[in-house]
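Peer 1: Got a structure for you, written out below as structure tokens; questions coming shortly.
The values are calculated or read from the model by the stated rules, or taken from the named source; none is laboratory data. All of these numbers come straight from a predicted model, not from anything done at the bench. Note: ideal-geometry Cβ built from the backbone for every residue, glycine included; neighbour counts use all protein chains shown. Just the protein is used for accessible areas: all its heavy atoms, side chains included, with ligands, DNA and RNA removed. Shrake-Rupley method; radii C 1.70, N 1.55, O 1.52, S 1.80 Å.
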Amino acid sequence: MLEVLKSFANSDIREKDTYVKALSEATEFLSKTSGLVDLEFKPTFVIADLHGRYDYLLQALQFKIGNGKGKKPTVLELLQAGKINFVCLGDGMHSEARGKLRWQIAQRELFRGHSPAMDEEMGESLNTMLMVMMLICEFPNNFFFLRGNHDDIKGQFRKYARESDMVQLWCERRFGKDF
């Protein structure tokens, strides 16, 4: 599983179908749930906002837990064994402060045409969310992602630039209106 996730840990933009397939699978699973996070009574590993940091997610999954005696299992190994819950506190999209300059450059570029800065931003964000969707499907009872304000592509989010407008425009140009 880790190797599959690592294969998405870059800002290369995948084909539209890759994202649509993952989203469809995750949506199908999530449509059968109440929308409430019902954690099984076991240790819970919680991480803060992802903000397109696929490396942060991978580091969290590879984090070793233990008391120093013997082999320490990784969070992913504990997830695979069903011995831990994993909760992401939303905001999988948008690089936030680390990408502030990139957002500002992308805003100037995107509304004139193509934006390499926006391609990089969206590659990071979409691949992070691709990893999240794969983990939701792989560990439906133990991996949870709480949707944040940055995750609403159609929202009216603006912080460093016109982020929501930019994401909508980029998605429409790259993948079509139906995306």
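Peer 1: State which residue is nearest to the chain's Cα centre (by Cα) when the search covers only region 1-21 and only residues that are within 19 Å of His51 (Cβ to Cβ) and small (Gly, Ala, Ser).
Peer 2: Looking at residues that are within 19 Å of His51 (Cβ to Cβ) and small (Gly, Ala, Ser), I get Ala9.
Peer 1: Across region 14-28, what is the total count of residues that are open to solvent by 60 Å² or more (accessible area, probe 1.4 Å) and either over 22 Å from Leu61 (Cβ atoms) or not aliphatic (A, V, I, L, M) (or both)?
Peer 2: Here is the first cut: in region 14-28, the ones open to solvent by 60 Å² or more (accessible area, probe 1.4 Å) are 15, 17, 21, 23-25, 27-28.
Of the ones still in play, those that are also either over 22 Å from Leu61 (Cβ atoms) or not aliphatic (A, V, I, L, M) (or both) are 15, 17, 21, 24-25, 27-28.
So the count comes out to 7.
Peer 1: Additional query: Limited to region 29-68, what total is found for residues that are modelled with pLDDT under 90 and among the acidic types (Asp, Glu)?
Peer 2: The total comes to 2.
Peer 1: Would you be able to say whether some residue in region 2-19 is in contact with a Pro (Cβ under 7 Å, 6 or more places away or on another chain) and at pLDDT 90 or above?
Peer 2: No - not one qualifying residue is present in region 2-19.
Peer 1: Let me ask something else about it. Which of the residues that make up region 29-51 are open to solvent by 60 Å² or more (accessible area, probe 1.4 Å) and among the small types (Gly, Ala, Ser)?
Peer 2: Scanning region 29-51 gives Ser31, Ser34, Gly35.
Peer 1: Applying the selection to region 8-44, what residues are within 23 Å of Arg98 (Cβ to Cβ), of a type outside the set (A, V, I, L, M) and either free of Cβ contacts under 8 Å to residues at least 60 places away in the same chain or part of a loop (DSSP other than H, G, I, E, B) (or both)? Step through it out loud before you land on a result.
Peer 2: Quick first cut of region 8-44, residues within 23 Å of Arg98 (Cβ to Cβ) only: 8-14, 19.
Keeping just the survivors that are of a type outside the set (A, V, I, L, M) gives 8, 10-12, 14, 19.
Of everything in region 8-44, those that are within 23 Å of Arg98 (Cβ to Cβ), of a type outside the set (A, V, I, L, M) and either free of Cβ contacts under 8 Å to residues at least 60 places away in the same chain or part of a loop (DSSP other than H, G, I, E, B) (or both) turn out to be Phe8, Asn10, Ser11, Asp12, Arg14.
Peer 1: Considering only region 52-62, state which residues are assigned to a loop (DSSP other than H, G, I, E, B) and either open to solvent by less than 50 Å² (accessible area, probe 1.4 Å) or of a type in the set (Asp, Glu) (or both).
Peer 2: Gly52
Peer 1: Further question: Give, as residue ranges, the helices (runs of 4 or more DSSP H) completely inside region 63-179 that count at least 2 residues that are in contact (Cβ under 8 Å) with a residue 60 or more places away in the chain and surrounded by fewer than 18 Cβ atoms within 10 Å (Cβ to Cβ).
Peer 2: Correct list: 116-138, 163-175.
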